[in-house]
Amino acid sequence: MFHRRPFYRRRMLRQLSVLEPGPRQMLIKANQLKDSGRSGEAAEIFERLARGAENRGMLVRAPHLYLEAAHCRLHAKQVKPGIDLMWQGFYLLEKTKRWHAIYNNGKAAVDELKRLEQVETADKLQTWLDQTLKDHPEAVSPPPELAVSKHPPRLPTKCPHCGASIHGDQADWIDEASIECPYCGSAIQSEE
């Protein structure tokens, strides 16, 4: 019986979850709005993209889009909708068992909530993170692709395909030199 290598299967699934041209253009626009300080307008687009991705079963993309929409809503002083979107993103990450992404995004969200003086929500999120991740110690370990590397790869600060801000600790590593953009699904090579 012929067996495909797991890496090949993983690459096939990744290719199917890359955003198509229409949504990718919306994502580029949302990132431009966010970068120009128009967080409220950006949040609307991120939220629309997140809901569309979730409805289409793109559960790798949707949580990150929800979290980005939440970030923008919070910076636009739209606290209640921002917090609701944040929880939606984390619940989808939990549903897909993406423990490493929960840990890294959670850490960043707790810090951001504290900076924005949303201490009660930050504490609630930290409690949820502790409870959710208590049985998943692998969440705090570096991805296996980086565990053997003495020098972590240098990534561009923005995705060259959609303009999203890139954080290596919040993305899925394809191999030791490239990550998958959590927003559009494109492969991003490290800078030499």
Residue satisfying condition, being modelled with pLDDT of 80 or more, touching a strand residue (DSSP E or B) at 6+ places or on another chain (Cβ under 8 Å) and not hydroxyl-bearing (Ser, Thr, Tyr), within set Ala171, Ala122, Ala177, Ala187:
Ala187
Do any residues in the range 21-39 that are closer than 14 Å to Ala76 by Cα have Cβ atoms under 9 Å from those of residues that are polar (S, T, N, Q) and outside any helix (DSSP H, G or I), where the two are at least six apart or on different chains, and which pairs are they?
Lys34/Ser165; Asp35/Ser165; Ser39/Gln78
Checking Val60 against (1) modelled with pLDDT of 90 or more; (2) part of a loop (DSSP other than H, G, I, E, B), which test does it fail?
(1)
Kindly indicate whether Ala53 is crowded, with 19+ Cβ neighbours inside 10 Å, at pLDDT below 95 and small (Gly, Ala, Ser).
yes
Result of the Cβ filter at 8 Å on the range 88-112, keeping first residues that are under 17 Å from Lys124 (Cα atoms) and partners that are part of a loop (DSSP other than H, G, I, E, B), at least 6 apart or interchain, is Asn104/His167; Ala108/His167
Select from the range 117-133 the residues that are closer than 15 Å to Ala70 by Cβ and surrounded by fewer than 16 Cβ atoms within 10 Å (Cβ to Cβ) and list them in ascending order.
Lys124
Some residue of the range 72-91 being part of a loop (DSSP other than H, G, I, E, B), in contact with a Gly (Cβ under 8 Å, 6 or more places away or on another chain), surrounded by fewer than 23 Cβ atoms within 10 Å (Cβ to Cβ) and among the polar types (S, T, N, Q):
yes
Kindly list the number of the only condition in (1) of a type in the set (Val, Ile, Thr); (2) within 23 Å of Ile45 (Cβ to Cβ); (3) at pLDDT below 95 that fails for Ile83.
(3)
Only one residue in Lys150, Lys107, Lys158 is more than 21 Å from Pro23 (Cα to Cα), at pLDDT 75 or above and either surrounded by fewer than 16 Cβ atoms within 10 Å (Cβ to Cβ) or under 15 Å from the mean Cα position of the chain (by Cα) (or both), so which one is that?
Lys107
Look at the range 131-147 and say how many of its residues are at pLDDT below 80, within 30 Å of Pro23 (Cβ to Cβ) and not in a loop (DSSP other than H, G, I, E, B).
3
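The values are calculated or read from the model by the stated rules, or taken from the named source; none is laboratory data. Since the model is a prediction, treat every value here as computed from it, not as a measurement. All Cβ positions, glycine included, derive from the backbone under ideal geometry; neighbour counts span all protein chains shown.
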